[in-house]
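The values are calculated or read from the model by the stated rules, or taken from the named source; none is laboratory data. From a predicted model like this one, the values you see are computed outputs, not experimental measurements. So basically every Cβ, Gly included, is an ideal-geometry build from the backbone, and we count neighbours across all protein chains shown. When the accessible area is computed, the model is the full protein with side chains, heavy atoms only, and any ligands, DNA or RNA have been set aside. Shrake-Rupley method; radii C 1.70, N 1.55, O 1.52, S 1.80 Å.
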Amino acid sequence: MLFEGLDLQLCAGEMLQVAGPNGSGKTSLLRLLCGLMQPTSGEILLQGVALTRQRDELARRMLWIGHAAGIKGLLTAEENLAWLCALHRPASLEDIRAALAAVGLRGFEDVPCHTLSAGQQRRVALARLHLDPPPLWILDEPFTALDKQGVAELERHLADHCEAGGLVVLTTHHSLAHLPAGYRELDLGQRRA
Amino acid sequence: MNWTWFHKWGSPKWFYEMSGRWLPWLGVAAILLLAVGLAWGLAFAPPEKYQLDSYRIIYIHVPAAFLAQSCYLLMAIAGVVSLVWKMKLADVALQQAAPIGAWLCFVSLVSGAIWGKPTWGTYWIWDARLTSMLILLFLYFGVIALGNAISNRDSAAKACAVLALVGAVNIPIIKYSVEFWNTLHQPATFTVTGKASMSADMWLPLLISVLGFYCFFATVLLMRMRLEVLRRESRASWVKAEVARLSGGNR
Amino acid sequence: MSNVFTLLLVREARLLFRRPAELANPLVFFAVVIALFPLAVGPESQQLRNLSPGLLWVAALLAVLLSLDGLFRSDFEDGSLEQWVVSPHPLSLLVLAKVVAHWLFSGLALVLLSPLLALMLGLPAHCVPVLLVSLLLGTPVLSLLGAVGAALTVGLKRGGLLLALLILPLYIPVLILGTGALQASLQGLPAAGQLLWMASLTALAVTLAPFAIAAGLKISIGE
């Protein structure tokens with residue numbers, strides 16, 4: 001049992017930062033929201049209907065980037081993105097190149113990802129946020145391994161998405177400098193105490 | 001259709017109370033039936049024409065073999081209930097039944113081997129039935145090993161349910177293929193003597209001891225399940241009260 | 001939907017061919033195990049010939065099983081499987097593509113290597129077609145059943161031995177039918193019966209196993 005008595009409603013335009021000490025269940029909460037885990041008790045609703053009943057609907061509206069982001073070291077940045085896009089929403093090669101350029105990876109399209117640095121690999125995963133993304137983003141520690149400039153760019157991109165009517169749920173230990181209007185924080189550590 | 005009984009089964013507390021009420025009856029029935037069946041079978045039933053007294057081991061062997069197979073069926077059903085209706089109690093039943101099934105399978109194999117020595121002149125032959133039972137034992141080992149290997153209790157139970165189902169789909173295929181293999185490799189030299197030829201004072205004790213084994217199985221399974229329910233629900237207040245009551249009674 | 005199936009095949013092909021050593025390992029294992037038997041039971045050709053159906057099948061079965069241990073591991077560790085689960089496509093279809101790809105590049109190579117090893121064991125040439133057909137039908141079943149075990153054990157640190165324990169009993173029908181077909185053809189009898197049974201097992205495995213694999217992966221991911 002990680003947490004109980006959690007009641008939360010999220011609307012378009014909001015950004016929820018899930019905070020709390022290690023082991024407080026931040027990642028588990030995110031995985032529950034994505035449908036990767038099932039709650040022991042209680043339920044999760046998407047637009048008033050139980051999540052388990054509308055997996056397809058959730059899949060179409062949600063983008064999940066976990067701590068391990070599904071990037072294959074043996075594939076190039078371009079191949080990785082092409083596959084992830086094919087799996088979720090198809091995108092053209094130009095779009096993929098543009099997205100890689102947007103996260104500062106121009107010139108690295110054809111490089112196998114295992115030769116990239118951890119920060120660059122994270123950027124490859126985050127390039128999906130520039131590829132016609134769905135409205136709901138669920139991101140587990142998206143700032144890990146990014147440099148200062150990368151963090152600032154990502155913060156701005158997330159805020160822009162919320163201001164344009166998107167919804168972001170993320171975990172991070174880092175305090176965000178660029179907050180959108182609909183910013184909220186949920187501290188799982190305090191709730192427990 | 002009224003499904004409330006079904007949902008009640010999902011409640012560990014309800015199960016614990018009900019099983020507590022049945023358990024003494026089942027236990028007494030098991031002891032009585034086993035005592036009557038085994039005493040009658042082992043001491044008073046007439047000796048068999050050809051095998052003389054060595055046939056008497058069937059009063060242990062046959063019920064154990066029956067139960068070993070029924071137990072896997074029970075696990076498969078529990079697996080379906082657990083995966084389809086997500087009922088926790090089915091998980092508990094599945095995982096707690098596996099070791100009992102494995103022991104019964106082992107008992108039936110050992111008793112079969114002991115019987116085989118005077119009858120066939122060897123402890124082990126690659127007979128279709130023996131081989132199928134051996135494979136069943138391996139299937140039980142698989143479920144037990146998987147349940148032990150996964151540390152998360154819910155995941156372990158679900159994984160065992162999937163494995164038990166895959167195994168259950170495979171059992172008929174395995175059984176037929178083993179029979180096919182057996183006829184391919186050796187003609188059926190040995191067949192268990194026909195049951196129909198048994199006289200009533202031979203099969204009646206057999207029937208009683210089979211029923212006794214079923215009651216015994218149910219008793220052990222319920223006891224194991226009750227213990228597991230207490231362990232799983234250890235945070236619930238009714239469990240704390242129950243544990244306090246039980247430990248208080250012992251002092 | 002079928003588009004994703006092909007794209008996944010292409011992705012898997014790329015991944016496998018960028019690390020060709022992993023493709024070769026099961027084949028080398030297969031050959032080494034076969035080479036062990038004459039050393040163990042003696043070089044007498046008549047005996048080897050009679051044992052060859054069993055030797056070939058047991059070795060093939062172990063080679064497939066060993067190659068499956070890591071089937072989902074890297075996808076599990078790098079988060080790819082999570083992406084599959086949250087995608088709009090049915091997981092059972094995706095895992096079927098994964099297993100098909102694995103079979104195409106490792107199972108099929110094993111099938112193609114088998115006549116060479118069979119002839120080295122003294123299996124007569126007229127039995128080779130039956131060997132090829134039985135392995136062609138049987139190895140997909142081995143891959144699919146093994147993938148169920150691989151899916152259930154993917155989250156465990158040391159799943160290899162456990163995988164063998166879970167899956168080997170389920171391999172028995174394939175082993176019996178495969179060796180039965182070869183024995184029959186070795187004795188000059190028709191093997192069509194066993195091969196047809198094997199084909200029905202293949203059909204059954206292709207239809208049912210993907211659901212069990214998908215269920216196993218969801219359990220492993222949800223842990």
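With respect to being part of a helix (DSSP H, G or I), open to solvent by 30 Å² or more (accessible area, probe 1.4 Å) and not charged (D, E, K, R), C:A199 fits the description. All of B:S132, B:S151 fail the test of being more than 18 Å from the chain's Cα centre (by Cα) and either part of a helix (DSSP H, G or I) or not hydrophobic (A, V, I, L, M, F, W, C) (or both), apart from B:S151. One residue stands out among those in the stretch B:113-157 that are among the polar types (S, T, N, Q) and within 8 Å of chain C (Cβ to nearest Cβ): the one that is nearest to B:L83 (Cα to Cα), which is B:S155.
Could you please find all residues in the stretch A:33-54 being within 20 Å of C:L91 (Cα to Cα) and touching a helix residue (DSSP H, G or I) at 6+ places or on another chain (Cβ under 9 Å)?
Filtering the stretch A:33-54 for residues within 20 Å of C:L91 (Cα to Cα) gives A:33-38, A:51-54.
Within the stretch A:33-54, A:L33, A:C34, A:G35, A:L36, A:M37, A:Q38, A:L51 qualify.
Annotation: C:L39 fulfils all but one of (1) in contact (Cβ under 8 Å) with a residue 24 or more places away in the chain; (2) open to solvent by 40 Å² or more (accessible area, probe 1.4 Å); the unmet one is (1).
For A:T52, the criteria (1) β-branched (V, I, T); (2) at pLDDT below 85; (3) assigned to a loop (DSSP other than H, G, I, E, B) hold in every case but one, which is (3). Cβ separations smaller than 7 Å between residues 6+ apart or across chains give the following pairs from the stretch B:65-93 residues that are closer than 20 Å to B:R129 by Cα to residues that are open to solvent by 60 Å² or more (accessible area, probe 1.4 Å): B:L67/B:Y214.
Within the set A:L84, A:L36, the sole residue that is in a helix (DSSP H, G or I) and at the interface with another protein chain (Cβ under 8 Å from one of its Cβ atoms) turns out to be A:L84. Would you please name the residue that is nearest to C:P129 (Cα to Cα), looking only at residues in the stretch C:184-194 that are open to solvent by 30 Å² or more (accessible area, probe 1.4 Å) and among the hydrophobic types (A, V, I, L, M, F, W, C)? Once the filter is applied, the top-ranked residue is C:A192. Scanning the stretch A:60-75 for residues that are within 7 Å of chain C (Cβ to nearest Cβ), closer than 15 Å to C:H89 by Cα and among the aliphatic types (A, V, I, L, M) returns a single hit, A:M62.
Among the residues of the stretch C:66-91, count how many are in a helix (DSSP H, G or I) and within 13 Å of chain A (Cβ to nearest Cβ). So the answer is 13.
From the list A:P142, A:P133, the lone residue that is within 11 Å of the chain's Cα centre (by Cα) and surrounded by fewer than 21 Cβ atoms within 10 Å (Cβ to Cβ) is A:P133. In the stretch C:153-172, the residues that are facing chain B (nearest Cβ under 9 Å) and of a type in the set (F, W, Y) form no Cβ pair under 9 Å with any partner that is assigned to a helix (DSSP H, G or I) and open to solvent by 20 Å² or more (accessible area, probe 1.4 Å), whether six or more places apart or across chains. Inside the stretch A:6-32, residues that are open to solvent by 40 Å² or more (accessible area, probe 1.4 Å) and in contact (Cβ under 8 Å) with a residue 60 or more places away in the chain make up a count of 7. Taken over the stretch A:167-186, the criterion of being among the polar types (S, T, N, Q) and surrounded by 13 or more Cβ atoms within 10 Å (Cβ to Cβ) is satisfied by A:T171, A:T172. Of the residues that make up the stretch C:99-107, is at least one within 18 Å of the chain's Cα centre (by Cα), without any contact (Cβ under 8 Å) to a residue 24 or more places away in the chain and more than 18 Å from C:L217 (Cα to Cα)? Taking every residue of the stretch C:99-107 in turn, none turns out to be within 18 Å of the chain's Cα centre (by Cα), without any contact (Cβ under 8 Å) to a residue 24 or more places away in the chain and more than 18 Å from C:L217 (Cα to Cα).
Can you tell me which residue among C:L112, C:L56, C:L131, C:L117 is in a helix (DSSP H, G or I), surrounded by fewer than 19 Cβ atoms within 10 Å (Cβ to Cβ) and more than 14 Å from every other protein chain (Cβ to nearest Cβ)?
C:L112
When the stretch A:145-166 is filtered for residues that are open to solvent by 30 Å² or more (accessible area, probe 1.4 Å) and aliphatic (A, V, I, L, M), the ones remaining, listed by number, are A:A145, A:A152, A:A164. Among the residues in the stretch A:158-165, are any modelled with pLDDT under 90, assigned to a helix (DSSP H, G or I) and more than 15 Å from the chain's Cα centre (by Cα)? Checked the stretch A:158-165: at least one residue is modelled with pLDDT under 90, assigned to a helix (DSSP H, G or I) and more than 15 Å from the chain's Cα centre (by Cα). Only residues that are hydrophobic (A, V, I, L, M, F, W, C), touching a Cys at 6+ places or on another chain (Cβ under 9 Å) and open to solvent by 20 Å² or more (accessible area, probe 1.4 Å) were counted across the stretch A:72-115, and they come to 2.
Could you tell me whether any residue of the stretch B:102-111 is in contact with an Asp or Glu (Cβ under 9 Å, 6 or more places away or on another chain) and away from every other protein chain (no Cβ under 11 Å)?
Checked against the condition, which is being in contact with an Asp or Glu (Cβ under 9 Å, 6 or more places away or on another chain) and away from every other protein chain (no Cβ under 11 Å), the stretch B:102-111 yields no hits at all.
Of all the listed residues (C:L62, C:L68, C:L48), the sole one being touching a Gly at 6+ places or on another chain (Cβ under 6 Å), under 21 Å from C:Q183 (Cα atoms) and surrounded by 16 or more Cβ atoms within 10 Å (Cβ to Cβ) is C:L48. Residues that are open to solvent by less than 10 Å² (accessible area, probe 1.4 Å) and either more than 7 Å from chain B (Cβ to nearest Cβ) or closer than 18 Å to C:S67 by Cα (or both) within the stretch C:173-183 comprise C:V174, C:G178, C:A181, C:L182, listed in sequence order.
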